[in-house]
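Quick notes on the structure that follows.
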Amino acid sequence: MPSFEDLGLTGPVLRAVKKAGYEEPTPIQAQAIPVALEGKDIVGASQTGTGKTAAFSLPIISKIGPSDRPQCLVLEPTRELAAQVEEQMNLFSFYKPLNVMLLHGGVGYGHQIEALENQADVIIATPGRLLDHMEKGNIDLSSIEYLVLDEVDRMLDMGFLPDVKRIIDRCPSHRKTLFFSATMPGAIQTLANWALKDPVEVEIGERRSPAETVSHAFYPVGMDQRDELLLKLVEQTGFDSMMIFTRTKKEADTLLAQIQKIEGTKPTALHSDIRQSDRTKALQGFRDGTFNIIVATDIAARGLDISGVTHVINYRVPENPEDYVHRIGRTGRAQQEGDAFTILTADELENAAAVEHYVDQKIERRKIDGFDYNYTALLDDKPAAPLRRKRPPGRRRR
């Protein structure tokens, strides 16, 4: 593995990397940084927690300098991701006089307009708020040299693809484009083909694989005991930090109230109905140990820089198997070990089978010792074979 010095980064950036405590590049950084420094477009895919933000930030900061017009635009699907990237780019530009600014919804326009008037060099934005500023004439993208499209599959999930295309149309054609997506469904591949020119592909590990250091388990239970089993899991699990994913905001709030009663827990919630300032406090508190449990909807499942998570619990089996991979990507990061538990009820068997097919492995079924289970066929050692649909009378198999 090369060192950061071997990758061609400039002196001020190398000093910032050292100040930040980075010792050696991750595989995606080692592959992507030299390509970006050569001015080539990139299509990047890697597991969560591999250092992707630094992979695009370091070469861009090395190449640009102060200007009176924006030179770099980074698009992120959520406010939290955008704020996270802003923090990292400020860290890496510590020894370069670059003006890095953040644009996202949930806050007023006043401070953002003032910041834009102060000649931002780097803009990190969510698509909706950026388009608002563009339509008001507050920002001109004609000088953009580097366009970063990050977590593109998440932007597709959230319905941002038309907005992203409009933004790309307003950027100059001679720009360099760095495109990152954990998965590449057809719509995203089409976007990549349109937006990039002769891109270099950078991929670390299998796109669909969860972290290899994560231990997976399904916990079968009757539908009327889901909450009871989750609380028992929290009580009996020796965790340092835990993320619990729910399907709805109401589920997150209900579980939070129940977990708060368990001795030794310091839980908080994270979902879209919570004010942006409180979401920021929740994330920071989870990082610094003020909270040791976050109960979250999928707003927190992709890309957030939360290290040291030892356990992830899925309150329900995700309907989309890709969401399972992104959720459990919160643990087992940077080659640390982690555990991913998923509560499984009879109505979720098809979702469970889809997850196992997607990750290409059979996930162990476990029981909690001492838990007073109500009967469900899921607890049988040899579950009954699935029912086969009868063929209509008169039809023959060909």
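Any read-out appearing in this document is the output of simple, stated calculations on the displayed coordinates, not a laboratory observation. Keep in mind that this is a model prediction, so the values were computed, not measured. For neighbour counting, all protein chains shown are included, and Cβ atoms are generated from backbone atoms with ideal geometry for every residue, glycine included.
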Distance cut-off 20 Å, Cα to Cα: go down the list K165/K249; K52/K266; K52/K362; K250/K362; K18/K52 and report the pairs above it. K165/K249; K52/K266; K52/K362; K250/K362
Mind checking the angle between helix 276-288 and the chain's longest principal axis? C-alpha axes, 0 to 90 degrees, to the nearest 10. 80 degrees
Between R247 and E364, what is 0.36 nm times their sequence separation minus the Cα-Cα distance? Round to one decimal in nm. 39.9 nm
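For segment 214-379, what is the charge dipole size about the Cα centre, in debye to the nearest 20, if Lys and Arg each add +1 at the Cβ and Asp and Glu each add -1 at the Cβ?
Details: 20 positive and 26 negative charges, 92 e Å.
Here the size comes out at about 440 debye.
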Quick calc: nm separation of the 7 Å Cα→Cβ label points for R15 and D372 -> 6.7 nm
Calculated from backbone phi, Karplus (6.51, -1.76, 1.60) coupling profile of segment 256-272 in Hz, x at Gly/Pro: 4, 4, 6, 5, 4, 7, 7, 4, x, 9, 10, x, 8, 10, 9, 7, 6
Gain on full stretching of the segment that runs from E135 to N118 - 0.36 nm per residue minus C-alpha separation: 4.2 nm
Using only the Cα atoms of segment 97-178, build the gyration tensor, take square roots of its eigenvalues as a ≥ b ≥ c, and label the shape rounded, prolate or oblate: rounded if a/c is under 1.5, else prolate if a/b is larger than b/c, else oblate. oblate
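Using only the Cα atoms of segment 134-176, build the gyration tensor, take square roots of its eigenvalues as a ≥ b ≥ c, and label the shape rounded, prolate or oblate: rounded if a/c is under 1.5, else prolate if a/b is larger than b/c, else oblate. Please list the in-between numbers first.
Working: a/c = 2.54, a/b = 1.41, b/c = 1.80.
Oblate, since a/c reaches 1.5 and b/c is not below a/b.
As an exercise, use a Förster radius of 51 Å and the Cβ-Cβ distance of S143 and E319 to find the FRET efficiency, rounded to the nearest 0.05. Could you put the intermediate results ahead of the total?
Numbers: r = 43 Å, r/R0 = 0.83.
Calculated value: 0.75.
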So, in Å, what gap is there between the alpha-carbon centers of segment 12-57 and segment 100-157? 23 Å
In debye, nearest 20, what is the charge dipole magnitude of segment 4-204 about its Cα centre with +1 on Lys and Arg Cβ and -1 on Asp and Glu Cβ, if you could check? 260 debye
Residues of segment 1-36 with amide N under 14 Å of the 7 Å Cα→Cβ point at F94: 12-23
About the Cα centre of the chain, what is the dipole size in debye to 20, counting +1 per Lys and Arg Cβ and -1 per Asp and Glu Cβ, all else neutral? 1280 debye
For the chain, longest principal axis from Cα atoms; helix 79-92 axis from its Cα atoms; angle between them, nearest 10 degrees, is 50 degrees
Based on the alpha-carbon set only, what is the convex hull volume of segment 1-127 divided per residue, in Å³? 110 Å³
Scan around E203 for amide H atoms under 5 Å from its own, H built in the peptide plane at 1.01 Å from N, and keep only partners 5 or more places away or cross-chain. A45
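Multiply the residue gap between E263 and E350 by 0.36 nm, knock off their C-alpha separation, and tell me the result in nm, one decimal place.
Details: separation 87, 0.36 × 87 = 31.32 nm, distance 3.55 nm.
Between E263 and E350, full extension yields an extra 27.8 nm.
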If amide H atoms are modeled at 1.01 Å from N in the peptide plane, then the residues at a separation of 5 or more from R365, or on another chain, having amide H under 5 Å from its own are F218
Name the aspartates and glutamates eligible as straight-distance cross-link partners of K63: C-alpha to C-alpha under 18 Å, and not fewer than 8 places from it in the same chain. E5, D6, E38, D41, E86, D121, E145
Check I244: other-chain or 5+ apart residues with amide H under 5 Å from its amide H, H built from backbone geometry? I294, V295, A296, I313
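Once you order the gyration tensor axes a ≥ b ≥ c over the Cα atoms, which shape class does the chain get: rounded for a/c under 1.5, otherwise prolate or oblate by comparing a/b with b/c? Intermediate results must be reported in sequence, preceding the final value.
Numbers: a/c = 1.92, a/b = 1.65, b/c = 1.17.
Here the chain falls in the prolate category.
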